[in-house]
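**Q** This is the structure I have questions about; it appears just below.
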Amino acid sequence: MPTPEKFVQEKSLAEINERIRDGSVRVVTAEEMPDLVDELGPAGAVREVDVVTTGTFGAMCSSGVFLNLGHSDPPIKISKALLNKVEAYGGIAAVDLFLGATQPSEDRGIEYGGAHVMEDLISGKQIEVDAFGAGTDCYPQTELETSLRLEDFNQAIMVNPRNAYQRYNAATNSADQTMYTYMGTLLPRFGNIHYSGSGVLSPLSNDPNFDYIGIGTRIFLAGAQGYVMGAGTQHNPQNNFSTLMVTGDMKKMNNRFLRAATFHKYGPSLYLGIGIPIPILNEKLARSTAVRDRDITVPVVDYGIARRDRPSLKMVSYEDLKSGMIEINGKEVSTSSLSSFHVARDVALTLKQQVEKGEFLLSSAVEPLSRVGSSRPMKQTKESPNVGDVMSRDVVTVHEDIGVEEAARLIVSGSFDHLPVISRDGRLMGIITAWDISKAVAGGKSSRIGDIMTRRVYSVKADEPIELAARTFDTHSISAMPVVDRDNKVIGMITSNHLSRLFARRR
Amino acid sequence: MKLMLHVAPGIVRYPLIASVILETNALVNIERASIDAVSGEIVLEVPSEKCLEVKEAFERRGVKVVPLEIPVIRDENECVHCGACVSICPTGTFRFEDWRVVADSGKCIQCGACITGCPQRALKLVLK
């Protein structure tokens, strides 16, 4: 049998919107689409499916809202405002403010921040406003307090510079200490892996070439109908890390899809639900919406290295990540997500229902999103020194079998309060301080350094920036550290004195 | 069954657990212990048939014993089922079931890792 004449299946956006209006539209979620395309083929899927809905729900730190308070009497030109003690930026006109999601509060710190103010407003709660102004001829008022609910603002327009990452690096931690990051609690020595993003449901992973998504595309933003303003900051489509800048009316949002969060020892963030319905206009879109978790890969990145260019350990797919276990260096490591696939599904399903009911029409883009982005590192014109530039190189080290008296003599004759203890082959084993020696003498026991030294010793490498050493001093309340090479051999010492000298010189 | 022992000042230096094991022949597993110079908190896993006997043996030695029936509770309105608690729990208390986080409270040893790890602040320890 000859096959029927082959032709490319196509339909127009107007046709699909007509079906949405008359209720005959056929909608599936991006989770259902791959099996359909496998079964029907791309051409068959174009015939059978009009719209694929996507969804994601996770931490989107780069979010905020423009609020217009209306004019007071006497009028005030607000330069600084606190909303429930969270500072909002006031450097725009007189009574416009921009509240950022990650701004911590002045009274409760990171446990309550800009994101919490947004959730409170959407939940119908009243917030306390303290506003301060400079006082001018036309805006004489310098200070005022008021209590406002969401309906009291003239406008509450969410504008988010970077949302809906196409995919995101998974995170783990090689260091010996637990790390508290924006990727959650990362346990020491590859104790766990955290990932974020909805994979198969991710809006941008379902249209990575921007065949539909563009400037002006209507989207589901936390329950409201919002719009894509353009590519987001750090948009990097060449490497499959595209982002969106989006906007929407906060007054129409729903707290089911907007939740404030706090990452322990990191700060506040906003969990946001975003969904984009993608019309199946042609086979290309049928194919791109057939993407599966296994097709979307991300690097597992080691957050134990506190540098910008963190090493990547391996590439994994969202299917691997969602399996709950990934092998790293021969060890099975437990994985879990920080974004919620449960709520991402809720976004995609809610959007599906809205399209089916004729409540959500699709829009053609004014311009396509840029196919080229930029996510370069910062140009730093004032380089700060590395540990190797300020450390002392004439370091005195000892072996663990010397006596307390000898160690005491070395400390008195040298210039340090700390003696690194090394093994026979020169590797760092521990550290001994003047305090350890005093304690041993006062206790009247032990003559061997090896018995009283601190074995949990922090160290730093010569090519690391001094900021890292300063942070280690601060986190662990210590004042000196051995500097080691790649083989953990001691090559110098850095102390808080080195850092304060540097600081004094800068002034 | 898990038992939380509150060890009072004055008896932390006594070999409490060893003596109770010798007396009851129970295979206990110490799951968490935080002890300082004056007092301590210890969580034991005890086979259910020996639970009462072990509890009484500790109580005779002046230890306050609380069975950990519901060690951790979750505010269902706050939980978004993200899973931040899943991989940080040392005993595997939380897991996904069709992308909803479900808890097997019986495994919890009240270490508290999930309390700070939960971005929505939905989890609380039931302290007794």
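The values are calculated or read from the model by the stated rules, or taken from the named source; none is laboratory data. Keep in mind that what you see is a predicted model, and the values were worked out from it rather than measured. Glycine gets a Cβ as well: all are built from the backbone with ideal geometry, and neighbour counts include every protein chain shown. Accessible surface areas use protein heavy atoms only, side chains included; no ligands, DNA or RNA. Shrake-Rupley method; radii C 1.70, N 1.55, O 1.52, S 1.80 Å.
**Q** Report, by residue number, each residue of segment A:182-219 that is of a type in the set (S, T, Y) and either outside any strand (DSSP E or B) or away from every other protein chain (no Cβ under 11 Å) (or both).
**A** A:Y182, A:S196, A:S198, A:S202, A:S205, A:Y212, A:T217
**Q** Suppose we keep only residues that are hydrophobic (A, V, I, L, M, F, W, C) and surrounded by 24 or more Cβ atoms within 10 Å (Cβ to Cβ) within segment A:322-342. Which one would you say is farthest from A:A171 (Cα to Cα)?
**A** Only one residue tops the list, namely A:F341.
**Q** Moving on to the next point. When only residues in segment A:55-93 that are among the basic types (K, R) and without any contact (Cβ under 8 Å) to a residue 60 or more places away in the chain count, which is farthest from the other protein chains (Cβ to nearest Cβ)?
**A** Applying the filter and picking the extreme gives A:K80.
**Q** Continuing with the same structure: Where in segment A:4-94 are the strands (runs of 3 or more DSSP E), entirely inside, with at least 3 residues that are out of contact with any Leu (no Cβ under 9 Å at 6 or more places or on another chain) and not assigned by TED's automatic domain parsing to the domain that holds A:Q353?
**A** Of the strands (runs of 3 or more DSSP E) lying wholly inside segment A:4-94, those with at least 3 residues that are out of contact with any Leu (no Cβ under 9 Å at 6 or more places or on another chain) and not assigned by TED's automatic domain parsing to the domain that holds A:Q353 span A:78-83.
Conditions (1) assigned by TED's automatic domain parsing to the domain that holds B:I17; (2) touching a residue at least 40 places away in the same chain (Cβ under 8 Å); (3) not hydrophobic (A, V, I, L, M, F, W, C), marked per residue:
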{"site": "B:E41", "(1), (2), (3)": "yes, no, yes"}
{"site": "B:V46", "(1), (2), (3)": "yes, yes, no"}
{"site": "B:V54", "(1), (2), (3)": "yes, yes, no"}
{"site": "B:G83", "(1), (2), (3)": "no, no, yes"}
{"site": "B:W99", "(1), (2), (3)": "no, no, no"}
{"site": "B:K107", "(1), (2), (3)": "no, no, yes"}
{"site": "B:Q110", "(1), (2), (3)": "no, yes, yes"}
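**Q** Let me ask something additional. Taking segment B:70-90 only, how many residues are within 27 Å of A:Q177 (Cα to Cα), away from every other protein chain (no Cβ under 12 Å) and open to solvent by 30 Å² or more (accessible area, probe 1.4 Å)?
**A** Residues flagged as within 27 Å of A:Q177 (Cα to Cα), away from every other protein chain (no Cβ under 12 Å) and open to solvent by 30 Å² or more (accessible area, probe 1.4 Å) within segment B:70-90 amount to 0.
**Q** Of the numbered conditions (1) touching a strand residue (DSSP E or B) at 6+ places or on another chain (Cβ under 8 Å); (2) over 17 Å from A:D207 (Cβ atoms); (3) open to solvent by less than 30 Å² (accessible area, probe 1.4 Å); (4) at pLDDT 95 or above, A:Q9 satisfies every one except a single condition; which is it?
**A** Tallying (1) touching a strand residue (DSSP E or B) at 6+ places or on another chain (Cβ under 8 Å); (2) over 17 Å from A:D207 (Cβ atoms); (3) open to solvent by less than 30 Å² (accessible area, probe 1.4 Å); (4) at pLDDT 95 or above, A:Q9 fails exactly one: (4).
**Q** Being within 14 Å of chain B (Cβ to nearest Cβ), small (G, A, S) and within 23 Å of A:T53 (Cβ to Cβ) is the filter here, so list the residues in segment A:220-268 that pass it.
**A** A:A222
**Q** Taking segment A:95-106 as the region of interest, how many residues are within 16 Å of the chain's Cα centre (by Cα) and either outside any strand (DSSP E or B) or hydrophobic (A, V, I, L, M, F, W, C) (or both)?
**A** 3
**Q** Are there any pairs, at least 6 apart or on different chains, whose C-beta atoms fall under 7 Å, with the first in segment A:413-432 and of a type in the set (G, A, S) and the second in a strand (DSSP E or B) and at pLDDT 90 or above, and if so, which?
**A** What qualifies is A:S423/A:M429; A:G426/A:K489; A:G430/A:V421.
**Q** Only one of (1) over 30 Å from A:A224 (Cβ atoms); (2) in contact with a His (Cβ under 6 Å, 6 or more places away or on another chain) fails for A:R294. Which number is that?
**A** (2)
**Q** When the residues of segment A:146-166 are narrowed to those that are open to solvent by 30 Å² or more (accessible area, probe 1.4 Å) and either farther than 18 Å from A:G226 by Cα or not in a strand (DSSP E or B) (or both), which ends up nearest to the other protein chains (Cβ to nearest Cβ)?
**A** So, considering only residues that are open to solvent by 30 Å² or more (accessible area, probe 1.4 Å) and either farther than 18 Å from A:G226 by Cα or not in a strand (DSSP E or B) (or both), the one nearest to the other protein chains (Cβ to nearest Cβ) is A:Y165.
**Q** So if I check each of A:S447, A:S413, which one is exposed (fewer than 12 other Cβ atoms within 10 Å of the Cβ), among the polar types (S, T, N, Q), farther than 30 Å from A:R310 by Cβ and at pLDDT below 85?
**A** Going through A:S447, A:S413 in turn, just one is exposed (fewer than 12 other Cβ atoms within 10 Å of the Cβ), among the polar types (S, T, N, Q), farther than 30 Å from A:R310 by Cβ and at pLDDT below 85: A:S413.
**Q** Another question about this same structure. Can you say whether A:R456 is under 39 Å from the mean Cα position of the chain (by Cα) and assigned to a loop (DSSP other than H, G, I, E, B), as far as the supplied structure shows?
**A** Judged against the criteria, A:R456 is a match.
**Q** Check A:V355 against each of (1) aliphatic (A, V, I, L, M); (2) open to solvent by less than 10 Å² (accessible area, probe 1.4 Å); (3) within 14 Å of chain B (Cβ to nearest Cβ) and name the one condition it does not meet.
**A** Result: A:V355 fails condition (3) only.
**Q** From A:S317, A:S374, A:S392, grab the single residue that is in the same structural domain as A:A175 (by TED's automatic domain parsing) and either in contact (Cβ under 8 Å) with a residue 60 or more places away in the chain or within 30 Å of A:L204 (Cβ to Cβ) (or both).
**A** Just one listed residue meets the conditions, A:S317.
**Q** Tell me which of these B:I115 doesn't satisfy, since it passes every other one: (1) surrounded by fewer than 17 Cβ atoms within 10 Å (Cβ to Cβ); (2) away from every other protein chain (no Cβ under 14 Å); (3) out of contact with any helix residue (DSSP H, G or I) (no Cβ under 7 Å at 6 or more places or on another chain).
**A** Every condition holds for B:I115 apart from (2).
**Q** I've got another one for you. Considering only segment B:23-35, I want to know if a residue exists there that is open to solvent by less than 20 Å² (accessible area, probe 1.4 Å) and either modelled with pLDDT under 90 or within 26 Å of A:T181 (Cα to Cα) (or both).
**A** Looking through segment B:23-35, none of the residues is open to solvent by less than 20 Å² (accessible area, probe 1.4 Å) and either modelled with pLDDT under 90 or within 26 Å of A:T181 (Cα to Cα) (or both).
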